[in-house]
1. Which residues, counting only those in segment 238-273, are closer than 14 Å to THR52 by Cβ and either more than 21 Å from the chain's Cα centre (by Cα) or polar (S, T, N, Q) (or both)?
2. Every residue in segment 58-76 that is within 13 Å of the ligand (Cβ to nearest atom) and not aliphatic (A, V, I, L, M), please.
3. Quick one: in segment 89-98, of everything that is small (Gly, Ala, Ser) and not in a strand (DSSP E or B), which residue is surrounded by the most Cβ atoms within 10 Å (Cβ to Cβ)?
4. Could you go through segment 122-139 and let me know if any residue there is within 12 Å of the ligand (Cβ to nearest atom) and crowded, with 20+ Cβ neighbours inside 10 Å.
5. For segment 239-260, give me each residue that is part of a loop (DSSP other than H, G, I, E, B) and farther than 30 Å from SER365 by Cβ.
6. Mind listing just one residue for me: the one in segment 188-206 that is within 12 Å of the chain's Cα centre (by Cα) and away from the ligand (no atom under 11 Å from the Cβ) and, of those, surrounded by the fewest Cβ atoms within 10 Å (Cβ to Cβ)?
7. Which of the residues belonging to segment 261-312 are without any contact (Cβ under 8 Å) to a residue 60 or more places away in the chain and in a loop (DSSP other than H, G, I, E, B)?
8. Do the conditions hold for SER205, that is, is it assigned by TED's automatic domain parsing to the domain that holds ALA71, on the phi > 0 side of the Ramachandran plot and among the small types (Gly, Ala, Ser)?
Amino acid sequence: MTDKELKTEKSDKRIYLSSPHMSGGEIKYIEEAFEQNWIAPLGPNVDEFEKTVAAYCGVKDAAALSSGTAAIHLALIILGVKPGDEVIASSFTFSGTVNPVAYLGATPVFVDSEEETWNMDPNLLEKAIKERIRKGKQVKAIIPVHLYGMPAKMEEILSIAGKYDIPVVEDAAEALGSRFLEKPAGSFGRIAVLSFNGNKILSTSGGGMLLSDEREITERARFLATQARDRASWYQHSQIGYNYRMSNILAGVGRGQMEVIDERVRQRRENHFYYREQLEQVDGITFLKEPNDAYFSNHWLTTILIDPEKTGTSNRLLMEEMERHNIEARYLWNPMHLQPVFSHSPAYLNGTSERLFQQGLCLPSGSNMTDSDRARVMDVLQRTLNKR
Ligand SMILES: *Cc1c(COP(=O)(O)O)cnc(C)c1O
């Protein structure tokens with residue numbers, strides 16, 4: 001390719017993996033907040049955003065927080081995780097799932113993925129629980145994740161968790177709008193967590209939520225998130241608190257975003273089916289897709305595996321080629337048990353997440369992609385795949 005050709009392509013507007021997509025409805029809630037001077041981390045937008053999300057997810061209550069990571073941190077505190085305890089988590093996830101375990105001086109125990117949903121393998125989970133108990137460890141929580149929006153095998157996971165009486169913190173950060181057996185993601189765990197970070201299906205620029213059917217839990221989350229201030233007319237604290245509440249401005253963005261959640265799910269799913277229609281027949285390309293009718297994914301990101309032998313290319317080469325055309329693609333999450341910082345944590349492995357990481361690629365999946373954006377991505381993919 002000549003320099004001239006490259007330059008023309010670079011001048012095309014960048015196609016992002018997943019960028020914020022405002023509805024336009026956000027601004028009226030922000031203006032309301034300004035007019036009423038509700039700028040603080042409390043106010044009508046916070047209350048309404050919480051109510052709307054709780055209703056959408058079919059849970060009794062939700063507490064709006066500064067991030068999904070903060071929500072997981074508070075969930076673990078509320079479940080009594082202490083230094084020396086263990087928390088079992090999916091290894092194939094983003095670090096935000098497990099960093100809070102370390103904040104508390106507890107140890108994450110990693111469980112590998114199964115092949116169908118790429119999420120926590122229930123068989124390995126039970127094996128891990130049995131062995132941790134045999135070793136005399138206190139397993140205080142299990143954190144399954146619905147990665148890329150695909151629901152985990154929640155029936156099996158909940159039944160195993162119930163058998164050993166260990167509470168589940170459901171990391172639904174990527175799965176707002178997904179369902180399993182018609183039940184919304186965010187309604188499975190004793191506590192569930194959502195994220196509204198910049199690249200999630202809905203964004204408040206930054207934010208998160210803690211959901212539960214137990215109001216004592218959500219009330220406690222609000223208390224801890226506002227510096228754990230006792231009920232007294234002066235400032236009195238009997239516990240350590242945090243500054244984790246969501247601001248009323250950002251909750252206004254969230255309210256505007258919730259008005260279009262169904263539309264956003266539809267758009268993300270449309271991307272997914274577009275890619276599948278064009279690429280599914282290619283030998284050596286496989287998609288993460290709903291295993292059967294029980295699963296409904298928001299398809300936050302469309303992800304593929306590239307078999308180097310069958311395709312003659314690789315995730316790295318495809319990604320580089322897309323970058324040359326000003327298109328952003330990314331590797332899948334690098335499993336937590338491979339992270340230098342967690343190298344001493346126990347891990348129950350079957351090789352799946354390592355293979356997924358080696359072969360996988362996240363394709364541009366924003367709900368604001370146009371038909372011509374998708375065609376541009378497909379053109380690069382097909383030309384690279386045909387070059388072999
Ligand atoms: C984004 C994300 C988080 C953390 O959410 P933040 O709002 O970014 O703190 C946790 N878990 C998963 C799986 C995520 O994708």
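The values are calculated or read from the model by the stated rules, or taken from the named source; none is laboratory data. None of the values given here were measured: they were computed from a predicted structure. Every residue, glycine among them, receives a Cβ derived from its backbone with ideal geometry; neighbour counts consider all protein chains shown.
1. GLY252, GLN257
2. The answer is SER66, SER67, GLY68, THR69, HIS73.
3. Initially, segment 89-98 is screened for residues small (Gly, Ala, Ser), giving 89-91, 95-96.
Of the ones still in play, those that are also not in a strand (DSSP E or B) are 91, 95-96.
Working: SER91: 31, SER95: 14, GLY96: 21.
Among those that are small (Gly, Ala, Ser) and not in a strand (DSSP E or B), it is SER91.
4. Within segment 122-139, not a single residue is within 12 Å of the ligand (Cβ to nearest atom) and crowded, with 20+ Cβ neighbours inside 10 Å.
5. Selection gives GLN239, ILE240, GLY241, TYR242.
6. Ranking the candidates gives LEU202 first.
7. Once the filter is applied, which keeps residues that are without any contact (Cβ under 8 Å) to a residue 60 or more places away in the chain and in a loop (DSSP other than H, G, I, E, B), segment 261-312 yields GLU280, GLN281, ASP283, GLY284, LYS289, ASN292, ASP293, ASP307.
8. Values: assigned by TED's automatic domain parsing to the domain that holds ALA71: yes; on the phi > 0 side of the Ramachandran plot: yes; among the small types (Gly, Ala, Ser): yes.
For SER205, the condition - assigned by TED's automatic domain parsing to the domain that holds ALA71, on the phi > 0 side of the Ramachandran plot and among the small types (Gly, Ala, Ser) - is met.
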